[in-house]
Amino acid sequence: MKDPLAPHRSQARGGTLHGGRWPDNPILVEVWRSGFLESVHRGSLVVLDADGEVLLAAGAVDRPTLPRSSNKPVQATALLAAGWTPRSGEELAIGAGSHSGEDGHRELAASMLAAVGLGADDLGCPPALPQHVGTESAWIVAGRSPERLAMNCSGKHAAMLAACVAAGWSVEGYLDPAHPLQQAVEARLAEAAGEPVTAVVVDGCGAPQHALSPLGLARSVLGLVQAPEGSRERAVADAMRAHPWFVAGTGREDTDLMTAVPDLLVKGGADGVHVAALPGRGAVALKLDDGGDRGRTPSLCAGLRLLGVPEDVLAPWLQIPLSGGDGVVGEVRASDVMRR
């Protein structure tokens, strides 16, 4: 009997991706309610110093995971190498970002497509409602349908299509793992991480997603912020840090953290992934086993604290308030595993 999911299963290399079982990772995050330990989040987290040496490793940091959108900054360097020439830092930032579908996000993605003679119908990402609550609510009230430009990855897809046009590659099938663009992306991700891609799967936006370890992810993003001026790697890092609203959006943790911490590059990914890097300091990368978002920023900021980012600057994200009735009765916070 033919397997209907066969075209969408991972293309694993060199054996099974998970080794047949989930690793016994430590507790990275604790949820305390009125002094009672209510929940925990296990995962793997690595902190590198400025030389790429491991300062802290909690859990299976060398085990392949799916970085999801945390791969986007390095992916963007492959698009630049293919010939994509962004007309502004904002275009480069949204090409490496996961925007909220606000008006300015959609307008910029549409403009990027128009500049190379394409339109929203050429996007391979699925239609979606905006992630920004206010914008989404307005669409629902107006009876507006989901649109491809509103999907959080439309900036990346617009950049991929622009890279195909620049390189002379067909825009048809640009999401196929065998397409020259996706082959270039895979090679670049492996090079930056210093390890092979162990599987290729289908991401939520329809593009190929490449398995790397948290350690490799941390290495790759550290390489962006410490690359020399004038390099493609540095161009991506500088654009994202200069235009953090186009990386995420209003009220989003990536945007707010990059606004609060000078020179910090941050990129979250779905299913509990986060990465951040500071030039001259180091990098942090993590994956929460349960795939939830609640514990990502406390874990990430605990790692940034180890890199010397002041605790008072990180305070809004180190402990996430837990409500009860009309007040705050607890918090979501990093575990003691995160303290050296």
Worksheet item: Using a Cα distance threshold of under 28 Å, what count of lysine pairs results for the chain when pairs must be 8 or more residues apart or interchain?
Response: 6
Worksheet item: Can you pull the semi-axes for the chain, root of five times each eigenvalue of the Cα gyration tensor, sorted largest first, whole Å?
Response: 30, 23, 21
Worksheet item: When the accessible area of the chain is computed with all protein chains present and a 1.4 Å probe, what percentage of it is carbon and sulfur?
Response: 52 percent
Worksheet entry | Other-chain or far-sequence residues with amide H under 5 Å of Leu322's (modelled H) | Val329, Gly330, Glu331, Val332
Item to complete: Measure off 7 Å from each Cα along the Cα-to-Cβ vector at Val133 and Phe36, then give the distance between these two points in nanometres to one decimal.
Response: 2.6 nm
Fill in: Assigned charges on the beta-carbon of Lys, Arg, Asp, Glu; region 152-298 dipole about Cα centre (debye)
280 debye
Worksheet item: Quick one: if the Förster radius is 22 Å, what FRET efficiency do Asp176 and Ala81 give, using the C-beta to C-beta distance and rounding to 0.05?
Response: 0.70
Response to the item:
Projected onto the charge dipole of region 227-340 (unit charges on the beta-carbon of Lys, Arg, Asp and Glu, signs +1, +1, -1, -1), the Cα from Ala242, Gly325, Ala227 with the largest positive-side position is that of Ala227
Worksheet, complete the sentence: Applying a 4.7 angstrom Cβ cut-off across the chain, unpaired cysteine residues come out as Cys164, Cys301
Practice prompt. Restrict the search to region 143-250; then list the GluC sites (Glu not before Pro) that DSSP places in a loop and that have at most 14 other Cβ atoms within 10 Å of their Cβ.
Written response: Glu172, Glu229
Practice prompt. Collect residues whose amide H, placed 1.01 Å from N in the peptide plane, falls under 5 Å from the amide H of Arg33; neighbours closer than 5 in sequence don't count.
Written response: Glu38
Fill in: Per residue accessible area in Å² of the chain, where ligands, DNA and RNA are left out and the probe is 1.4 Å
41 Å²
Fill in: Interchain or long-range residues, amide H under 5 Å from Arg42's placed H
Leu28, Asp289, Asp290
Item to complete: Mind jotting down the distance between the C-alpha centroids of region 129-188 and region 270-310, whole Å?
Response: 26 Å
Discussion item. Charges at C-beta only: +1 for Lys and Arg, -1 for Asp and Glu. How large is the resulting dipole of the chain about its Cα centre, in Debye rounded to 20?
Written reply: 480 debye
Worksheet entry | the chain: calculated mean residue ellipticity at 222 nm from DSSP helix runs of at least 4, using -39500 (n - 2.57) | -10500 deg cm²/dmol
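The values are calculated or read from the model by the stated rules, or taken from the named source; none is laboratory data. Treat the numbers as computed from the prediction; the structure is a model and nothing was measured. Positions of Cβ are backbone-derived with ideal geometry, glycine not excepted, and every protein chain shown enters the neighbour counts. The protein model used for the area step is the full one, side chains on, heavy atoms only, and it has no ligands, DNA or RNA in it. Shrake-Rupley method; radii C 1.70, N 1.55, O 1.52, S 1.80 Å.
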